Structure formats: structure tokens, C-alpha cells
Amino acid sequence: MKKFNKEKVCEAAEVAETMRGILDAESRAISNIPVTDGYARAVNLIIERVHGRGGKLVTSGMGKAGQIALNIATTFSSTGTPAVNLHPAEAQHGDLGVLQPHDVMLIISNSGKTTEIVSLVELAHGLYPDIPFIVITGNPDSPLAALADVTLATGASPEVCPLGLTPTTSTTAMTVIGDVLVVNTMKAIGFTEDDYAMRHHGGYLGARARREV
């Protein structure tokens with residue numbers, strides 16, 4: 001194990017310089033996300049399957065991407081589009097049963113090669129061959145993208161991690177793409193503040209939606 005230098009101190013100026021570099025890099029990464037007609041197709045798929053056929057949105061990802069997938073699912077649920085998150089490993093041990101025929105899946109993998117995620121797509125198609133997939137990935141030429149009905153590319157900007165390994169910039173882009181899908185779906189279904197209040201009862205946001213603050 002590498003010995004930690006207890007005398008090492010982070011200088012405020014050094015941290016501020018690093019912070020400015022990170023803000024600049026991640027801002028550029030967001031600006032570099034490709035704007036395509038895939039977003040309209042993805043939103044229309046979600047509306048058709050969830051609001052038209054009574055299905056739900058099922059999100060999934062592995063590792064850090066899985067945490068983004070969970071956040072997207074909860075945001076969709078609170079804004080009028082029923083959604084759940086399915087862990088790809090647990091799916092192989094029975095949780096795949098959460099899928100129903102009219103669902104639509106939103107899958108996230110930066111590499112587009114994550115073994116558990118590719119396996120999940122194959123398992124889901126084995127259960128319901130017609131279930132559609134929306135894929136968010138940094139690699140639009142990947143095996144996962146080849147299986148998708150709609151592929152939304154992150155732009156594959158470099159990670160701000162000094163090692164170039166830890167998901168940082170990529171997860172920021174994934175989150176923004178999720179926000180684009182949520183906001184456009186809200187607009188399409190005419191989701192209102194009163195609708196929000198019916199689903200969010202607690203805390204400041206609940207009180208604000210009920211116009212109590």
C-alpha cells in the first residue's frame with residue numbers, strides 16, 4: 001500500500017485552479033453531447049409504451065452508470081412517468097420478472113460493452129422479444145448500441161479524473177441526457193404542478209408544489 005504523506009496540504013489556490021479546470025472541462029463535455037433526432041424518438045417510445053400502453057420505464061446500468069440509471073428512474077416517477085430501476089446482476093437471479101410486455105428499457109453503459117448490461121438486453125429479449133431499448137453510451141459503435149432501438153451518445157469526452165479512469169465527465173453527460181428525456185416527456189404529457197404535488201408530499205418541494213410556501 002502506498003504510504004500517505006501526512007505533511008501534504010491542499011493549497012486553496014491549487015484547489016481553485018483544479019476546480020476551474022474541471023468546471024471548464026465538464027461544461028465543454030455537456031456542450032459536446034450530440035443533438036440528434038434520437039431524443040424525439042426516445043421520448044415518443046416512452047410516451048407510447050408507458051402512457052399509451054400502460055407499461056413502465058425500466059432503467060439499468062452497472063456501477064456508477066447504474067447510480068445514474070436509478071436517479072433517472074426516480075426523476076421520471078416523480079414527474080408522472082412510472083419507472084423502476086433494475087440491477088443487471090440481480091436481473092439474472094429473478095428480478096428480471098419485474099419486466100412486463102409493454103415496458104420500455106433505458107440502458108446506460110459508457111463503454112457499451114459492459115458484460116452484465118449486454119447480457120441483460122439478451123435476457124430481456126428472451127422474455128419479451130419486442131421490448132424496445134433506449135441506450136445511453138459513450139460508444140455508439142458498441143455491441144450494446146447495435147442492440148438498441150435508439151442510441152443516445154454522450155460525446156465521449158475525456159474523464160476529468162487525473163487517471164482518466166474514474167467515471168466523472170461521462171456520468172455528468174449521462175445525467176444531462178436523462179434530464180433532457182425527463183423534461184421533454186413532462187412537456188409532452190402536460191405534467192402540471194398539481195400533478196407533481198400529488199406525487200411529492202414531503203419536504204420543501206412538496207409544500208411548494210401545494211403552494212404552501
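The values are calculated or read from the model by the stated rules, or taken from the named source; none is laboratory data. Source: prediction; values computed, not measured. Every residue, glycine among them, receives a Cβ derived from its backbone with ideal geometry; neighbour counts consider all protein chains shown. Note: areas computed on protein heavy atoms with side chains; ligands, DNA, RNA excluded. Shrake-Rupley method; radii C 1.70, N 1.55, O 1.52, S 1.80 Å.
Assorted remarks:
- Checked against (1) part of a helix (DSSP H, G or I); (2) open to solvent by less than 20 Å² (accessible area, probe 1.4 Å); (3) of a type in the set (A, V, I, L, M, F, W, C), Ala89 passes all but a single condition, namely (2).
- Every test in (1) surrounded by 19 or more Cβ atoms within 10 Å (Cβ to Cβ); (2) under 14 Å from Leu181 (Cβ atoms) is passed by Val121 save one, and that test is (2).
- Filter result for the condition that a residue is surrounded by 18 or more Cβ atoms within 10 Å (Cβ to Cβ), in a loop (DSSP other than H, G, I, E, B) and modelled with pLDDT of 95 or more, over Pro129, Pro101, Pro140: Pro140
- For segment 41-68, the tally of residues that are open to solvent by less than 60 Å² (accessible area, probe 1.4 Å) and either among the basic types (Lys, Arg) or out of contact with any Leu (no Cβ under 7 Å at 6 or more places or on another chain) (or both) stands at 10.
- Scan segment 161-178 for residues that are assigned to a loop (DSSP other than H, G, I, E, B), β-branched (Val, Ile, Thr) and open to solvent by less than 40 Å² (accessible area, probe 1.4 Å) and the total you get is 1.
- Among residues of segment 72-85 that are within 16 Å of Arg53 (Cα to Cα), those with a Cβ under 7 angstrom from a residue that is part of a loop (DSSP other than H, G, I, E, B) and open to solvent by 30 Å² or more (accessible area, probe 1.4 Å), sequence gap 6+ or separate chain, pair up as Gly80/Phe191.
- Hits in segment 179-199 - residues which are open to solvent by less than 60 Å² (accessible area, probe 1.4 Å) and not in a helix (DSSP H, G or I): Gly190, Phe191
- Against the numbered list (1) touching a residue at least 40 places away in the same chain (Cβ under 8 Å); (2) open to solvent by 20 Å² or more (accessible area, probe 1.4 Å); (3) over 15 Å from the mean Cα position of the chain (by Cα), Ala153 comes up short only at (3).
- For Leu23, the stated conditions hold: it is open to solvent by 30 Å² or more (accessible area, probe 1.4 Å), over 17 Å from the mean Cα position of the chain (by Cα) and among the aliphatic types (A, V, I, L, M).
- For segment 122-146, the set of residues classified as closer than 18 Å to Arg41 by Cβ and over 14 Å from the mean Cα position of the chain (by Cα) consists of Asp130, Ile131, Pro132, Pro140, Leu144, Ala145, Ala146, listed by residue number.
- Test: residue in segment 52-63 that is free of Cβ contacts under 8 Å to residues at least 24 places away in the same chain and either in a helix (DSSP H, G or I) or among the β-branched types (Val, Ile, Thr) (or both): yes
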